[in-house]
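Structure record follows, encoded as structure tokens.
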Amino acid sequence: MKKLTLKILFIFFSGVLIYSCSKDDASVTPGGGLADTSTNFKYPFSLNSNWLFTTTPSYRYNPDSLQAFLIRNNVDLDSAIETGYTYWKNDTIINGVNARVLRGNHTSTAHSYNTTEYYIQTDTGLVNTGFIISKGTSFGPFRPNPNVKILYNGEVINSLDEISAGSISGFSYTALADTTYLNSIKYPIVTNFEWFFRKTSALQTQRKKYLSYEQVTTPAGAFNCIKIQRKNYKGNPEILDSTFTSFDYFSKAGLVKRKTINVLEFRNSSDVIIGYLEIHRDVILNSVNIAP
């Protein structure tokens, strides 16, 4: 069996950025109050709005003896806490469409990287139109897949498989053939509503679904959130991928919390399954500033 190395790099901040809870945004209630009961909102879209977050990994073994097996096979499970920030940077034109840039910055002792994502916001949703990524993902409504790329103006840009054509605010998906449009957030919010999100391979698709409203308390304050489930379907005919679980908690202040669980299967030298490892990643909002 090949050795597996799973390493979560510790990420820290450099530079000077000021984050605060916006006094004018009723969805942010520092001190733990649960005053906001909004049930229909859009993703904050004002330039210079920013989000500071912390990512904490954890691991669960089934059975517990799997941990000793991993240690013997030099599997490194680093539980270092990661930090980062995301902000609306500027507007730009990409493939002839006016889009807003969501910038994510991350640094650690081992490396630094950033993400650049492009969005448009309409009455029917927040739509991702493309992204550039060096490594990792940002804390936003879309987690880029770094394995699929297209070439745009001489630069490698990550994108995703084509989704079905349709119109958004006067222009159509099919009119911009080199761009993939992804409905990251749908408006209005309707509980139990499910929508197609993207294809990640020829035989795997992802869908999102609004579940229910939940009150979530973070270091940034208390928020009334809609819980969004992201589901993977594999094969033909499709079956739900039970090895992947993902939930986003979205409020008037943007993304507040994200939880993902990936289940890895382990086999011994005789190719017999000896156990499963659950990798949990919890992302929590530390502070937010929604610009006017």
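Data table
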quantity: Where a residue in segment 170-194 is over 16 Å from ILE93 (Cβ atoms) and assigned to a loop (DSSP other than H, G, I, E, B) and its partner, wherever it lies, is at pLDDT 65 or above and aromatic (Phe, Trp, Tyr), with Cβ under 7 Å and at least six apart; calculated: ILE189/TYR210; VAL190/TYR210; THR191/TYR210; ASN192/TYR210; PHE193/TYR210
quantity: Residue that is farthest from ARG258 (Cα to Cα), among those in segment 195-221 that are part of a strand (DSSP E or B) and of a type in the set (A, V, I, L, M); calculated: LEU211
quantity: Close pairs (7 angstrom Cβ cut-off, 6 or more residues apart or separate chains): among the small types (Gly, Ala, Ser) in segment 266-286, assigned to a strand (DSSP E or B) anywhere; calculated: GLY275/TYR61; GLY275/ASN62; GLY275/PHE266
quantity: Among (1) under 27 Å from VAL190 (Cβ atoms); (2) touching a residue at least 24 places away in the same chain (Cβ under 8 Å), the one test that ALA291 misses; calculated: (1)
quantity: Filtered residue count, segment 51-110, keeping only those that are modelled with pLDDT of 80 or more and not in a strand (DSSP E or B); calculated: 11
quantity: Residues that are within 15 Å of the chain's Cα centre (by Cα) and farther than 20 Å from TYR187 by Cβ, drawn from segment 210-257; calculated: LYS231, ASN232, PHE244, THR245, SER246, LYS257
quantity: Residue in segment 235-253 that is at pLDDT 90 or above and outside any strand (DSSP E or B) present; calculated: yes
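Yes/no per residue for (1) closer than 26 Å to LEU126 by Cα; (2) buried (at least 19 other Cβ atoms within 10 Å of the Cβ); (3) not charged (D, E, K, R):
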site: TYR210; (1), (2), (3): yes, yes, yes
site: GLN229; (1), (2), (3): yes, no, yes
site: TYR233; (1), (2), (3): yes, no, yes
site: PRO237; (1), (2), (3): no, no, yes
site: ALA253; (1), (2), (3): yes, yes, yes
site: GLU265; (1), (2), (3): no, no, no
site: LEU285; (1), (2), (3): yes, yes, yes
site: ASN289; (1), (2), (3): yes, yes, yes
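The values are calculated or read from the model by the stated rules, or taken from the named source; none is laboratory data. These numbers come from a predicted model, not from an experiment. Here Cβ is always computed from backbone atoms with ideal geometry, including for glycine, and neighbour counts include all displayed protein chains.
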